[in-house]
Amino acid sequence: MASIWVLLSPWIPYFFSFIAFLLLLEQISYLKKKRFLPGPTLVFPFLGNVIPLVTNPTKFWDLQSALAKSTGHGLSVNYIIGKFILYIHSTDLSHKVFANVRPDAFHLIGHPFGKKLFGEHNLIYMFGQEHKDLRRRIAPNFTPKALGTYIDIQQRIIIKYFKSWLDEASKSPNTPIPLRLLCRDMNLDTSQTVFVGPYLDGESRKRFNVDYNYFNVGLMKLPVDLPGFAFRNARLAVGRLVDTLSVCVEQSLNKMKNEEEPTCLIDFWMQENLREINEANINGLQKPFQYTNKELGGYLFDFLFAAQDASTSALLWAIVLLDSHPQVLEKVRLEVAKFWSPESEQPLTAEMLREMKYLEAVAREIIRIRAPATMVPHIAGEEFRLTEDYVIPKGTIVFPSVFDSSFQGFPEAEKFDPDRFMEERQEERVYKKNFLAFGAGPHACVGQKYAINHLMLFIAMFTALIDFKRHKTDGCDDISYIPTIAPKDDCKVFLAHRCTR
């Protein structure tokens with residue numbers, strides 16, 4: 001052992017010198033990419049500022065936003081696990097990113113380490129004509145007929161969960177109930193039933209819920225792909241979830257081949273796919289597409305991911321904002337009462353929702369002032385000139401902030417004011433470019449009407465059926481990342497029956 005040490009000891013100074021040289025190169029590379037933009041001057045080797053990001057994401061992103069606003073460029077930088085990141089506060093520059101999603105510019109990634117988590121073949125990573133064709137085939141999932149079918153499903157599930165919440169509240173009327181996990185469970189049930197309907201049995205749903213929780217936890221953890229780590233559990237869970245959804249695709253396809261009536265989103269999708277295939281056969285053309293069941297299962301998972309956490313966030317902020325603005329709550333209740341009574345046996349319909357203009361304005365204002373997914377991460381596939389004096393280096397992870405955009409342009413943007421979305425004010429048209437909660441460009445959310453309907457339906461029924469009051473504590477309404485944003489206290493409320501049903 002001593003002889004080995006004697007042999008190695010002359011090389012030890014060279015080894016540490018080499019390590020120091022690599023660390024110096026890392027700092028120089030970072031500073032070269034940073035240039036004149038605000039951000040940390042020196043970064044911790046390799047890890048960068050990942051520890052502050054994971055331990056307190058709200059503080060981390062608030063600081064990036066403040067740094068970006070501190071100069072006229074609307075940009076700030078940082079360094080996370082060997083990755084140079086660029087934060088975009090400016091609405092115009094965010095649009096520039098959204099409009100240039102293509103192989104030689106920006107690639108939408110959904111998560112800083114999304115490809116490893118979601119897999120290579122995923123709707124969010126698609127480009128060009130292939131992506132356009134898939135979005136065209138998805139469109140029939142969100143026709144008025146399809147949305148009407150979903151509203152019936154959503155309503156039944158929402159009422160079921162309201163009853164369980166009220167039962168729990170009645171046992172301890174003086175104890176507030178945290179709604180975040182309850183809303184999440186309700187939304188997971190709603191999404192599963194709307195998207196794959198009868199094709200998930202009770203046991204499959206239980207396994208699905210466990211795996212989705214693994215996925216959700218892994219999103220906010222260090223990207224360590226080793227056994228026992230949350231990120232590895234999340235990645236494996238995604239594979240199992242996609243496999244489960246693939247089976248649902250096959251069952252739906254068989255049902256639609258028998259020309260049965262669609263009862264969920266995958267049915268509408270398979271019905272349209274079969275129609276396109278039959279049309280091609282009649283005209284003697286080749287099969288217009290080649291999607292495997294597993295690919296379609298992956299696309300369904302994309303829908304679930306997009307709908308689940310963002311929707312939970314929106315519902316929680318709806319409760320927070322309506323509680324703190326009683327005059328808005330009263331106007332909502334009056335409008336809902338004009339079209340629907342919880343005392344009647346008639347369900348709330350898509351036609352009724354379309355008539356509730358103020359309710360829709362409230363839903364849009366909630367999403368504007370508390371955009372659920374605050375940023376939409378992209379990666380620069382090549383160098384890209386973002387401004388006259390700054391070129392984004394290849395490999396940079398770019399974070400356009402849709403949250404910050406919501407507070408630009410709009411008059412009194414910090415104020416919760418649903419009237420701004422009423423036709424008389426026309427702010428939605430005038431400041432359309434600042435309303436980026438559903439994204440923009442080729443990857444704008446294809447299911448945004450479904451999302452708005454779900455939020456409207458929840459608000460209409462919650463306010464009509466339930467009396468609620470926030471449990472106010474210091475900082476309870478502060479923003480927490482989970483990974484979408486939610487009230488810091490998990491939205492604790494006192495609930496009571498408003499009427500019987």
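The values are calculated or read from the model by the stated rules, or taken from the named source; none is laboratory data. Fair warning: this is a prediction, and the values are worked out from it, not measured in the lab. Virtual Cβ from ideal backbone geometry, glycine too; neighbours counted across all protein chains shown. For the accessible areas, the whole protein counts, side chains as well, though only heavy atoms, and no ligand, DNA or RNA atoms are used. Shrake-Rupley method; radii C 1.70, N 1.55, O 1.52, S 1.80 Å.
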Looking at the structure I just gave you, is L200 modelled with pLDDT of 90 or more and under 27 Å from L315 (Cα atoms)? no
For a quick check of your reading of the model, give me the residue pairs whose first member lies in the stretch 211-235 and is within 19 Å of T484 (Cα to Cα) and among the aromatic types (F, W, Y), whose second is open to solvent by 60 Å² or more (accessible area, probe 1.4 Å) and assigned to a loop (DSSP other than H, G, I, E, B), with beta-carbon atoms closer than 9 Å and at least 6 apart or on different chains. F231/K221; F231/L222
So, first residue under 11 Å from L265 (Cβ atoms) in the stretch 182-200, second residue in a helix (DSSP H, G or I) and charged (D, E, K, R), Cβ within less than 8 Å, six or more apart or across chains; the pairs are Q192/R205; G197/D267
Being of a type in the set (D, E) and open to solvent by 40 Å² or more (accessible area, probe 1.4 Å) is the filter here, so list the residues in the stretch 260-287 that pass it. E260, E261, E279
Across the stretch 427-449, the tally of residues that are under 12 Å from A310 (Cβ atoms) and open to solvent by less than 20 Å² (accessible area, probe 1.4 Å) stands at 1
Tell me which of these K257 doesn't satisfy, since it passes every other one: (1) open to solvent by 80 Å² or more (accessible area, probe 1.4 Å); (2) of a type in the set (K, R); (3) in contact (Cβ under 8 Å) with a residue 60 or more places away in the chain. (3)
Got at least one residue in the stretch 126-144 being among the hydrophobic types (A, V, I, L, M, F, W, C), within 24 Å of L296 (Cβ to Cβ) and without any contact (Cβ under 8 Å) to a residue 24 or more places away in the chain? yes
Regarding F410, is this residue open to solvent by less than 20 Å² (accessible area, probe 1.4 Å), farther than 29 Å from I266 by Cα and of a type in the set (A, V, I, L, M, F, W, C)? yes
Taking the residues in the stretch 469-501 that are over 27 Å from the mean Cα position of the chain (by Cα) and of a type in the set (S, T, N, Q) as candidates, determine which candidate is nearest to I319 (Cα to Cα). T473
Give me the pairs, please: first residue somewhere in the stretch 326-342 and touching a residue at least 40 places away in the same chain (Cβ under 8 Å), second residue anywhere and surrounded by fewer than 16 Cβ atoms within 10 Å (Cβ to Cβ) and outside any helix (DSSP H, G or I), beta-carbon distance under 6 Å, and either six or more positions apart or on two chains. P342/C499; P342/R501
Scanning the stretch 450-485 for residues that are part of a strand (DSSP E or B) and not hydrophobic (A, V, I, L, M, F, W, C), the one surrounded by the most Cβ atoms within 10 Å (Cβ to Cβ) turns out to be R470
Helices (runs of 4 or more DSSP H) enclosed by the stretch 289-401 - at least 3 residues per element that are open to solvent by 10 Å² or more (accessible area, probe 1.4 Å) and among the hydroxyl-bearing types (S, T, Y): 293-324
Of all residues in the stretch 151-185, count the ones that are within 15 Å of L315 (Cα to Cα) and of a type in the set (S, T, Y). 1
Which ones in the stretch 20-43 are outside any loop (DSSP other than H, G, I, E, B) and closer than 18 Å to G395 by Cα? L25, E26, Q27, I28, S29, Y30, L31, K32, K33, K34
Please name all residue pairs, on different chains or six or more residues apart, with Cβ atoms under 8 Å, provided the first residue is in the stretch 262-279 and is more than 12 Å from A146 (Cα to Cα) and aliphatic (A, V, I, L, M) and the second residue is open to solvent by less than 60 Å² (accessible area, probe 1.4 Å) and assigned to a helix (DSSP H, G or I). M270/V249; M270/S252; M270/L253; M270/K255; M270/M256; L274/L253; L274/M256
